[in-house]
Amino acid sequence: QVQLVESGGGSVQPGGSLRLSCAASGSILSITAMDWYRQPPGKQRELVAQITNGGSTTYADSVKGRFTVSRDNAKNTVYLQTNSLKPEDTAVYYCHVSYWSATYPFGRADAWGQGTQVTVSS
């Protein structure tokens with residue numbers, strides 16, 4: 001089945017940067033959207049950024065101007081460049097993909113990555 005492998009998390013000081021990666025593999029016919037969510041300790045998971053198959057991007061107000069989502073279609077990979085990191089950005093970041101299955105039963109499906117920890121502290 002479809003799997004998402006995330007990488008790039010780590011511990012940085014305020015003002016630092018990290019580049020998160022999420023590579024999708026498996027029975028994917030086409031991807032409709034790839035998303036980044038995050039879940040701070042003790043809080044609800046929230047949408048951070050999204051990029052559609054058409055290249056349209058969406059960002060949460062809290063990260064707009066600091067984070068950038070991009071993709072490499074040939075590698076079925078989505079990236080999240082995080083700049084000017086703040087302590088409140090500390091969370092587990094999850095990749096999510098919505099796609100059309102390449103195998104029977106054909107139809108829409110989605111998958112989640114296992115998450116990568118981002119810690120921002122001085």
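The values are calculated or read from the model by the stated rules, or taken from the named source; none is laboratory data. This is a predicted model, so every value here is computed, not measured. Cβ: placed from backbone, ideal geometry, glycine included. Neighbour counts: every protein chain shown. Side chains included, ligands, DNA and RNA excluded: accessible areas come from the protein's heavy atoms. Shrake-Rupley method; radii C 1.70, N 1.55, O 1.52, S 1.80 Å.
Observations on the model:
- Filtering 82, 32, 90 for residues that are under 17 Å from residue 115 (Cα atoms), polar (S, T, N, Q) and out of contact with any helix residue (DSSP H, G or I) (no Cβ under 8 Å at 6 or more places or on another chain) leaves a single hit, 90.
- Residue under evaluation residue 88, criteria (1) under 25 Å from residue 3 (Cβ atoms); (2) part of a helix (DSSP H, G or I); (3) acidic (Asp, Glu), criterion not met: (1)
- The residues in the stretch 35-59 that are assigned to a loop (DSSP other than H, G, I, E, B) and either among the basic types (Lys, Arg) or open to solvent by 30 Å² or more (accessible area, probe 1.4 Å) (or both) can be counted, and the count is 9.
- Number of the exception - residue 63 against (1) open to solvent by 40 Å² or more (accessible area, probe 1.4 Å); (2) among the β-branched types (Val, Ile, Thr); (3) at pLDDT 95 or above; (4) outside any strand (DSSP E or B): (1)
- Selection from the stretch 93-122 of residues that are within 18 Å of residue 35 (Cα to Cα), of a type in the set (A, V, I, L, M, F, W, C) and open to solvent by 40 Å² or more (accessible area, probe 1.4 Å): 100, 112
- Condition check for residue 86: of a type in the set (D, E, K, R) and touching a Pro at 6+ places or on another chain (Cβ under 9 Å): yes
- On the stretch given as the stretch 71-91, residues that are of a type outside the set (Lys, Arg) and open to solvent by 40 Å² or more (accessible area, probe 1.4 Å) total 9.
- Test for residue 37: is it under 10 Å from the mean Cα position of the chain (by Cα) and among the aromatic types (Phe, Trp, Tyr): yes
- Residue 32, sole failed condition from (1) polar (S, T, N, Q); (2) modelled with pLDDT under 95; (3) in a loop (DSSP other than H, G, I, E, B): (3)
- Residue count for the stretch 89-122, restricted to those that are touching a Pro at 6+ places or on another chain (Cβ under 9 Å) and modelled with pLDDT under 95: 1.
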